[in-house]
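Some notes on the structure that comes next.
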Amino acid sequence: MGYEVGVFAKLKISPFYIKAMPLYSFNSGSVHYQTTNNGTTVDNTNDFRFQKFEVPLLLGLKIIGPLNIEAGPVYNYIVQSEDNFGSNSVSLQRSGLGYRAGIVVEFWRLLLHASYEGATYNSSSVDRATFKEPYKLVFGVGIKLGPIGDKEEK
């Protein structure tokens with residue numbers, strides 16, 4: 001579970017658009033992992049908190065009426081994450097790439113969206129392990145501050 005806050009700018013090239021969104025994201029949950037000690041495998045669980053700055057660059061398409069679809073790459077920068085899991089320590093590179101794809105419904109100044117997102121980060125250690133952020137379903141509400149009406153659609 002978590003939240004994200006940010007702003008976006010949208011360049012329209014009818015019926016397409018390009019949208020950039022600098023976002024701050026906070027997520028928390030549980031991490032399940034296994035350790036082996038003297039041939040015995042032990043299941044472990046630790047709480048996890050993850051804060052990041054992300055910038056999706058999305059290409060969108062106005063489908064019909066208020067319905068749009070959009071997708072594109074996401075640059076992620078880890079601001080803070082848990083590094084210790086029991087006696088194990090994980091050191092991640094601060095930046096990684098991901099993707100986001102979803103739908104947006106626009107009602108006058110109100111925007112409702114649902115997106116699917118994923119990201120991967122490399123380990124900073126020699127083993128070159130990767131950390132795959134759990135895939136997320138993101139629901140959001142936005143408020144359009146720009147012009148409204150016929151001028152916007154031309």
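The values are calculated or read from the model by the stated rules, or taken from the named source; none is laboratory data. For clarity, every value in this text was computed on a predicted model and none was experimentally measured. Cβ placement follows ideal geometry from the backbone for every residue including glycine, while neighbour counts extend to all protein chains displayed. Side chains included, ligands, DNA and RNA excluded: accessible areas come from the protein's heavy atoms. Shrake-Rupley method; radii C 1.70, N 1.55, O 1.52, S 1.80 Å.
If the condition is being open to solvent by 80 Å² or more (accessible area, probe 1.4 Å), modelled with pLDDT of 90 or more and closer than 30 Å to Phe50 by Cβ, then segment 1-16 contributes Val5, Val7. Could you please let me know if Leu23 is surrounded by 13 or more Cβ atoms within 10 Å (Cβ to Cβ), over 22 Å from Leu110 (Cβ atoms) and not β-branched (Val, Ile, Thr)? So Leu23 does not fit the description; no.
Within segment 58-72, can you find the residues that are surrounded by 15 or more Cβ atoms within 10 Å (Cβ to Cβ) and over 12 Å from Leu23 (Cβ atoms)? Residues satisfying the conditions are Gly60, Lys62, Asn68, Glu70, Ala71, Gly72. Total residues in segment 31-83 satisfying the condition of being among the polar types (S, T, N, Q) and free of Cβ contacts under 8 Å to residues at least 24 places away in the same chain: the figure is 7. Here Glu152 fulfils each of the conditions (1) open to solvent by less than 90 Å² (accessible area, probe 1.4 Å); (2) modelled with pLDDT of 70 or more; (3) not in a strand (DSSP E or B) apart from (2).
Checking each residue in segment 88-108 for being open to solvent by 70 Å² or more (accessible area, probe 1.4 Å), at pLDDT below 90 and not polar (S, T, N, Q) picks out Arg94, Leu97, Trp108. Candidates are the residues of segment 26-57 that are open to solvent by 40 Å² or more (accessible area, probe 1.4 Å) and among the aromatic types (Phe, Trp, Tyr); the one that is nearest to Pro73 (Cα to Cα) is Phe53.
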